[in-house]
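Undergrad: Next up is a structure, given as structure tokens.
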Amino acid sequence: MACKKCKEKPVITLPNNNISLCKSCFIKYFEAKVRKTVRQYNLFEKGESIAVGVSGGKDSLTTLHVLNDIISKQRTTKIIGILIDEGIHGYRDESIKTAQKYCDENNIKLHIYSFEDEFGYKLGKALKILDINSCSICGVFRRYLMNKAARELKVDRIATGHNLDDESQSIVMNTFRNTMETSARLGPITGIQDDKKFIKRIKPLYFLTEKEIMTYAFIKGLTDNFNECPYAKGSLRSEVRTMINDFDKKYPSTKYSIVNSFLEILPSLKEKYAGSSIKICKCGEPASNETCQACEYVKRLKNG
Ligand code: SF4
Ligand SMILES: [Zn+2]
Ligand SMILES: [Zn+2]
């Protein structure tokens, strides 16, 4: 099958409509899709500064690469990288090198914040003390630190590499757990209400699949590090991912259907949970209770 647009040799068959594209037509398609998402959901405006949450993996480097391209044409917007080092031995060390190399080559300032400096514990040490799901504590610490770092660095938006696969998994996971208030915080631009303490998060790759991002990152030579976090295996997310991928093979467009039907109800969900009041923890970060979840974990870690 030749490229649908120019008859060159194809590099990918798009998952939702069975169209094959060559290298250059695919890159145009991919970047146009990011631009459309930025425009349609007003992810950022001219003059706003953006921090990309960089992990060194394909999703975050692709986000950084495409945004830097869009932003450098707008000239007025600043872009930086923030990397959160959880201290995952043998995994994070490699990805830090990849992220630093990319940022150095592209004149982007990379700011690194670590769990150890902020909370006093690397992830592995924390998991030895507390019998707890690795992604739960890691997710809480990551979100806390990313928000704090973005505020310290005075940026207007945090861009993440979340894609269509991630979003469809989160929607299904929240449905399975009956945590719809958490779902109300999903979408291409997140946050239930405007609050200066919360830096809004944007997802420019929202409508792109993992397969498309992997192809783009490979063609652009952004990273050859496709390693997965060693704690990812056996998590609910990884089971849900396998289930959705199996469905998507049998019934193409399943991921699009999950995300698109969710987007139809998202405004009502946001409206329903908009009243939840935001408190400020003694550490200065926003929280839904008197003490934020990160401080709760640190307290439990100190008590052993
Ligand atoms: S997979 Fe879980 S433990 Fe690993 S980096 Fe992601 S949230 Fe943290
Ligand atoms: Zn082509
Ligand atoms: Zn706190």
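Undergrad: Can you work out which of the residues in segment 56-80 that are surrounded by 22 or more Cβ atoms within 10 Å (Cβ to Cβ) and of a type in the set (Ser, Thr, Tyr) is farthest from Ala32 (Cα to Cα)?
TA: Ser60
Undergrad: Can you pull out the residues in segment 205-220 that are farther than 28 Å from Gly87 by Cβ, away from ligand 2 (no atom under 16 Å from the Cβ) and not aliphatic (A, V, I, L, M)?
TA: Those that are farther than 28 Å from Gly87 by Cβ, away from ligand 2 (no atom under 16 Å from the Cβ) and not aliphatic (A, V, I, L, M): Tyr206, Phe207, Thr209, Lys211, Phe218, Lys220.
Undergrad: Taking the options Asp93, Asp104, name whichever one is among the acidic types (Asp, Glu), modelled with pLDDT under 95 and either at negative phi or not in a helix (DSSP H, G or I) (or both).
TA: Checking each option against the conditions leaves just Asp93.
Undergrad: Looking at the structure I just gave you, is Tyr113 surrounded by 20 or more Cβ atoms within 10 Å (Cβ to Cβ), at pLDDT 95 or above and within 22 Å of Tyr144 (Cβ to Cβ)?
TA: no
Undergrad: Just a yes or no: is a residue in segment 7-25 crowded, with 17+ Cβ neighbours inside 10 Å, among the small types (Gly, Ala, Ser) and closer than 30 Å to Phe115 by Cα?
TA: No, because not a single residue in segment 7-25 is crowded, with 17+ Cβ neighbours inside 10 Å, among the small types (Gly, Ala, Ser) and closer than 30 Å to Phe115 by Cα.
Undergrad: Tell me the residue from Thr215, Thr175, Thr179, Thr190 that is touching a residue at least 60 places away in the same chain (Cβ under 8 Å) and either within 24 Å of Arg92 (Cα to Cα) or hydroxyl-bearing (Ser, Thr, Tyr) (or both), please.
TA: None of the others qualify; the one that does is Thr215.
Undergrad: Tell me which of these Glu152 doesn't satisfy, since it passes every other one: (1) within 16 Å of ligand 3 (Cβ to nearest atom); (2) within 30 Å of Glu239 (Cα to Cα).
TA: With respect to (1) within 16 Å of ligand 3 (Cβ to nearest atom); (2) within 30 Å of Glu239 (Cα to Cα), Glu152 is out only on (2).
Undergrad: Restricting attention to segment 1-55, which residues are away from ligand 2 (no atom under 16 Å from the Cβ), out of contact with any Leu (no Cβ under 8 Å at 6 or more places or on another chain) and in a loop (DSSP other than H, G, I, E, B)?
TA: Passing the criteria: Pro15, Asn16, Tyr41, Asn42, Leu43, Phe44, Glu45, Lys46, Gly47, Glu48, Ser49.
Undergrad: What are the pairs with Cβ atoms under 6 angstrom where one residue, in segment 119-132, is surrounded by 15 or more Cβ atoms within 10 Å (Cβ to Cβ) and the other, located anywhere, is hydroxyl-bearing (Ser, Thr, Tyr)? Sequence gap at least six, or different chains.
TA: From segment 119-132, the pairs are Leu127/Ser134.
Undergrad: If you don't mind, there's one more thing I want to ask. For the subset of segment 73-90 comprising residues that are within 15 Å of ligand 1 (Cβ to nearest atom) and part of a strand (DSSP E or B), which member is farthest from the chain's Cα centre (by Cα)?
TA: It comes out as Asp85.
Undergrad: Also: Exactly one condition in (1) in contact with a helix residue (DSSP H, G or I) (Cβ under 6 Å, 6 or more places away or on another chain); (2) surrounded by fewer than 23 Cβ atoms within 10 Å (Cβ to Cβ) is not met by Leu83; state its number.
TA: The number of the failed condition is (2).
Undergrad: If you check Glu239, Glu290, Glu264, Glu296, which single one turns out to be in a helix (DSSP H, G or I), at pLDDT 90 or above, within 16 Å of ligand 3 (Cβ to nearest atom) and of a type in the set (D, E, K, R)?
TA: Answer to the selection: Glu296.
Undergrad: Same structure again: Does Thr254 satisfy the criteria of being within 16 Å of ligand 2 (Cβ to nearest atom) and either among the hydroxyl-bearing types (Ser, Thr, Tyr) or touching a helix residue (DSSP H, G or I) at 6+ places or on another chain (Cβ under 8 Å) (or both)?
TA: no
Undergrad: Can you tell me which residue is surrounded by the most Cβ atoms within 10 Å (Cβ to Cβ) among those in segment 256-283 that are within 29 Å of Ala149 (Cβ to Cβ) and without any contact (Cβ under 8 Å) to a residue 24 or more places away in the chain?
TA: Cys281
The values are calculated or read from the model by the stated rules, or taken from the named source; none is laboratory data. Note that this is a predicted model, so its numbers are computed, not measured. Here Cβ is always computed from backbone atoms with ideal geometry, including for glycine, and neighbour counts include all displayed protein chains.
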